[in-house]
Amino acid sequence: QVQLVESGGGLVQPGGSLTLSCAAAGTPVTIYNMGWYRQAPGQQRELVATITGSGRINYADSVKGRFTISRDNAKNTVYLQMNSLKTEDTAVYYCYAQGLANYWGQGTQVTVSS
């Protein structure tokens, strides 16, 4: 059984920064792709950024140039550095990992507000 343990959410002012982290814990498995999705109130869950095991990265257009995804394969951990945060970035952020099955974290709240 794999669990994704997220940390790093919180309240930040517009223009501020936050870093999210997500570690895959539990039974050792091979993880191929990892990433982050988010869901704002009343909205569908949307892709934020993904990274493959070889380091290929994909960002949503709305976060390009502001967010950076990175990964430590040895630790099965993925990070999301978020800079220049905007109020519209407010959402619950979910970690995602793809191995032989798909895994989701419990979500961490990010609130951008003055």
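Approximating the spin labels as points 7 Å out from Cα along Cα→Cβ, the residue 61-to-residue 46 distance works out to 1.0 nm.
Share of carbon and sulfur in the accessible area of the stretch 32-114 stands at 45%, probe radius 1.4 Å.
For residue 66, the solvent-accessible surface computed with a 1.4 Å probe is close to 30 Å², ligands and nucleic acids excluded. As a length-normalised measure over Cα pairs under 8 Å and 6 or more apart, the relative contact order of the chain settles at 37 percent.
In the context of the full set of protein chains, the chain has a per residue accessible area of 53 Å² (1.4 Å probe). Computed from the alpha carbon positions, the gyration tensor of the stretch 1-92 leads to an equivalent ellipsoid with semi-axes of 23, 14, 13 Å, biggest first.
Each residue of the stretch 101-114 was assigned a 3J(HN,Hα) from its phi angle through the Karplus curve 6.51 cos²θ - 1.76 cosθ + 1.60 (θ = phi - 60°); the sequence is 10, 9, 10, 10, x, 7, x, 9, 7, 10, 10, 10, 7, 8 Hz, with glycine and proline shown as x. Cβ-Cβ distance of residue 54 and residue 111, R₀ of 22 Å, FRET efficiency by 1/(1 + (r/R0)^6): the value works out to about 0.05. For a paramagnetic label modelled on residue 3 (point 7 Å from Cα along Cα→Cβ), amide N atoms under 14 Å away belong, within the stretch 24-50, to 24-28.
The values are calculated or read from the model by the stated rules, or taken from the named source; none is laboratory data. None of the values given here were measured: they were computed from a predicted structure. Positions of Cβ are backbone-derived with ideal geometry, glycine not excepted, and every protein chain shown enters the neighbour counts. The accessibility values were calculated without ligands, DNA or RNA, using every heavy atom of the protein model including side chains. Shrake-Rupley method; radii C 1.70, N 1.55, O 1.52, S 1.80 Å.
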